[in-house]
Amino acid sequence: MSSANTSSTTESLRKNVKLLGRLLGEIISEAEGEAFFETVEAIRRLSKSARAKNDLEDLQHLLSPISNEKALGVARAFGQFLTLTNIADQHHSTSLDQGQNPGAILREAVNKLQSATTSQQALQDALDNLKIDLVLTAHPTEIIRRTMINKYAEIDQCLGALEHEIKPDLQIKIIARLRSLITQIWYSRDFRVNRPSPIDEAKGGYAVVERSLWQAVPDFLRELDSMREQLSLAEANLDWTPVKFSSWMGGDRDGNPNVTAAVTHETLLLSQWQAADLFSQDLNTLIEELSVTECNLRVRELVGDTHEPYRSLLRPLRDLLETQRTQLMHAIKDGKSAPDPITKEQILAPLELTYSSLHDCGMNIIANGLLLDVIRRVHAFGPHLVTLDIRQESGRHSQAIAEIVTTLGLGDYNQWSESDRCEFLLKELNNPRPLLPHAFSGTDEVREVLQTTRVIANHPPEAFGAYVISMASSASDVLSVYLLMKEAGCVSMLPVAPLFETLSDLQNAERVVQQLLDLPGFCDYIKHHIMVMIGYSDSAKDAGVLAASWAQYQAQESLIETCQAKGVALTLFHGRGGTIGRGGAPAQAALLSQPPGSLAQGLRVTEQGEMIRTKLGLPALAGNTLALYSSAILQANVSPPPEPKQEWRELMHRLADASCGHYRDYVRHNPDFLVYFREATPEQELANLPLGSRPARRRSGGGIETLRAIPWIFAWSQNRLLLPAWLGAGQALTETAGETGHQLIMKQMISDWPFFKTRISMLEMVFAKADLLIAEYYDDTLVSRDYLPIGVALRKQLQQDASTVLDLLDQEQLLQHDEWGKESIRLRNIYTAPLNLLQAELLRRERTQSDTLVEQAIMVSIAGVAAGMRNTG
């Protein structure tokens, strides 16, 4: 995009940022006094000049002596400005004049699809088989309170209203409302005081459905209807369900002792309550709307001689939903027995009768209005709102089987070979008699596993998505879960999805799945469909981002081939995070860089932490996200990306091995690295943040291997070194590019292979976001003298790696072809830099002498930097 085009398309964004910034400044001045506001302005001006000179010394001198109380206020001011900037930026990204709306995204997809194929049948099949399952997770990266999120949403609405031609008096009212909202934000707590419980997290996820997805899904499906018209395809069937949602909130117990069987049961009731509430509201609106008198014979037979047949037909359903809602609330709050769940068929039957009758009577426009939207919501959300995944670590299931085997006097399960384990588990799966002894209880951990499987058995299969086994490494890990569910009385089994998340697990994934599919009768048992989850976070933490991404690619390739040979449909479940170090990337680029055939069964992917808010938190944002995903899936299935040439594979093997080696030289083999990490980043202080219900570590003590991937990446994003997103990759590229002919091959790979192009593009973005001056300041302020050489070497390596990427891209500067991206980073740095310098100083004070004000200011600064970086973990 040219500079002129960038300027014209961002004029409204700049205007909104200026408006929100002015209002915030006025509010700060009124609330804290003119002198404080002038201090904030002086810091901002000095930061701007410091960035221009590439010298932070004057800014350091201004911030270093600041009092603890004033530091808290300054951190809040800069953090809130960055938050308001993000709101304006998100609004800009979805505004109609940007062309970034679902309709525009899908129209562009239509052009690409038509140029890729002339087969109408191929296009019809691609759209008919489109499947997107977004799995909402509560990974601890969302720090913002729900009440603040609601205020942010209203600010977005106000900005939208100001874009229209309105009378001056209305404009004054809208700006006054903006001022009121920003004032409310300034005088409110910035984030939660206490950690959320798993139930709180589930409620937050359901609030996203209510506030955004409930409207976004039917709106988006209408855009897909328009796409069918543009492609001259047949209309969709009434039960077409290209989009659905699942959740880990209240179901993910891996390393989280707060998620118990009782919590999972309550979560399931809450989701039913929320669905009953939303559908009853829809039914009330429909009943009000459907005052028409004509109906077909089938409806007349059901309702008798009434003047308003559709109201008579739908009122019993509305009453059923309202009764269900009331009884569920008593079950949740008072511990009373929960009612039997309503089925999807119960909700659909009167709605579909109404739909058919309206069409029969020539009232198509009414049938295809709100009624069609409600029917589509029933298919997308159902009476359970979202399907709940259960996740547990593989060792817990092995422990349960081992205790049962010991109680039965069959020996020591832990000492059995893998083949003996599989033989036993498969035999018991096919044995109609119970396995569990009548008096068996087991240890606390085992009782919890068994109680969880009983919760699964006591709820309808439609309430669940999958049972995910973290740290899966063998076929017996999968069989043991099926056996435990059978023993609990599950009539219909959940799909059991092994999660392969370390480098070695990814490399062994094909072997494990092959072993499963080779077991006698197993393919029939799973009805020739298997789900496998690919872990992005832990594999990158284990081996570095480049080696991990290549292992993920190869694992998907081999799994696709293995399952095709066995006639088994494979759903790949992607455990991506928001950041590059956790598998994050622009939606289309990420999907189009996957192996051919990897999206044949659709897309199942996690939406994690704060990315739920930034990608799905508003109807317009959710519509864009769904359109980007759909566009990429359709393109990948109609015109698959190319398979890599053999010389590309060989080069990737070398790059992956080299990058993994360089990464582990620091992270695993340098005895001083752990101390450096803990001193140079706020990793120690992150434990105090009320981010989520799950502990930051899988177990207490230990080093980096016990730290979860999220705080690992969160910490490095704070000091602006962003180490997990590049360490090892650039050094491997540099070494390989220096060998004869390899640089030319890599340039060809960038040009012709989406996988490699996306890896290099992500590295370019990381290097553009990293800030060596700030990283150096953290070291100088916080790191002991003995460990400073590590930081010096890392910053030197980053500079060299960035230079290599520029050479491969034939560019003179980072983001050379993304003027707005470059400008956005520059503008944010003006406000993020003071927060970084302030945070480093506050960390120094806190580590010397603990102080409540300093702790609070550190938390505010962490949230502010996260807002400036546009992501956390």
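What follows is calculated from the coordinates using simple rules that are stated; it is not laboratory data. What you see is a predicted model; the values in this text were computed from it and never measured. Cβ: placed from backbone, ideal geometry, glycine included. Neighbour counts: every protein chain shown.
Taking Cα pairs under 8 Å and at least six residues apart, what relative contact order does the range 47-189 come out at, in percent?
On the way: 33 pairs, mean separation 27.2, N = 143.
After rounding, I find 19 percent.
How big, on average over all directions, is the shadow cast by the Cα convex hull of the range 333-447, in nm²?
Details: hull surface 51.9 nm².
Directional mean of the projected Cα hull area for the range 333-447 stands at 13.0 nm².
Using Cβ point charges alone (K and R +1, D and E -1), the dipole size of the range 219-374 about the Cα centre works out to roughly 420 debye.
When only alpha carbons are used to place a centre, the range 229-279 and the range 518-558 end up 24 Å from one another.
Take every pair of alpha-carbon atoms less than 8 Å apart whose residues are at least six positions apart; their mean separation over the length of the range 826-873 yields a relative contact order of 48 percent.
Fully extended, how many nm does the chain gain between residue 22 and residue 291 (0.36 nm per residue separation, minus their Cα-Cα distance)?
Working it through step by step, the gained length comes to 91.9 nm.
The loop-placed chymotrypsin sites (Phe, Trp or Tyr not before Pro) in the range 137-200, going by DSSP, that have at most 16 neighbouring Cβ atoms within 10 Å of their Cβ come out as 187.
Shown in residue order for the range 454-462 are the 3J(HN,Hα) couplings computed by the Karplus curve 6.51 cos²θ - 1.76 cosθ + 1.60 at θ = phi - 60°: 5, 4, 4, 5, 8, 10, x, x, 5 Hz (x for Gly and Pro). Working note: 222 nm ellipticity from helices only, DSSP H runs with n ≥ 4, each -39,500 (n - 2.57), summed and divided by the residues of the chain, gives -20500 deg cm²/dmol to the nearest 500. Placing +1 on the Cβ of every Lys and Arg and -1 on the Cβ of every Asp and Glu, with nothing else charged, gives the chain a dipole about its Cα centre of roughly 960 debye. Once the GluC sites (Glu not before Pro) in DSSP loops with at most 10 neighbouring Cβ atoms within 10 Å are cut out of the chain, the longest remaining piece is 236-811. Here's how it looks for residue 136: its modeled amide H is under 5 Å from those of 246, 247, 248, 607, which are all 5 or more places away or on a different chain.
Per residue, the average separation of C-alpha pairs within less than 8 Å and at least 6 apart gives the chain a relative contact order of 18 percent.
Since only 479, 437, 460 are under comparison, the one whose Cα sits farthest along the positive direction of the charge dipole of the range 427-504, derived from C-beta charges on Lys, Arg, Asp and Glu, is 437.
What fraction of the DSSP beta bridges in the chain is antiparallel, stated in percent and rounded to the nearest 5?
Numbers: 2 of 35 bridges.
About 5 percent, rounded to the nearest 5.
Computed from phi, the 3J(HN,Hα) profile of the range 260-266 under the Karplus parametrisation 6.51, -1.76, 1.60 (θ = phi - 60°) reads 10, 4, 5, 5, 4, 4, 5 Hz, with x in place of Gly and Pro.
Couplings 3J(HN,Hα) for the range 108-125, derived from phi with the Karplus relation 6.51 cos²θ - 1.76 cosθ + 1.60 (θ = phi - 60°), are 5, 5, 4, 4, 5, 5, 5, 7, 8, 8, 9, 7, 5, 5, 4, 5, 4, 4 Hz, where x marks Gly and Pro.
When the range 75-192 is described by a simple charge dipole with +1 on each Lys and Arg Cβ and -1 on each Asp and Glu Cβ, the residue from 111, 144, 90 located farthest towards its positive end is 144.
Taking amide H as placed 1.01 Å from N in the peptide plane, the amide H of residue 391 sits under 5 Å from that of 252, 253, 254, 468, each at least 5 places away or on another chain. Binning the alpha carbon pair distances of the chain at 10 angstrom intervals from zero yields the distribution 2, 12, 20, 25, 21, 13, 5, 1, 0, expressed in whole percent.
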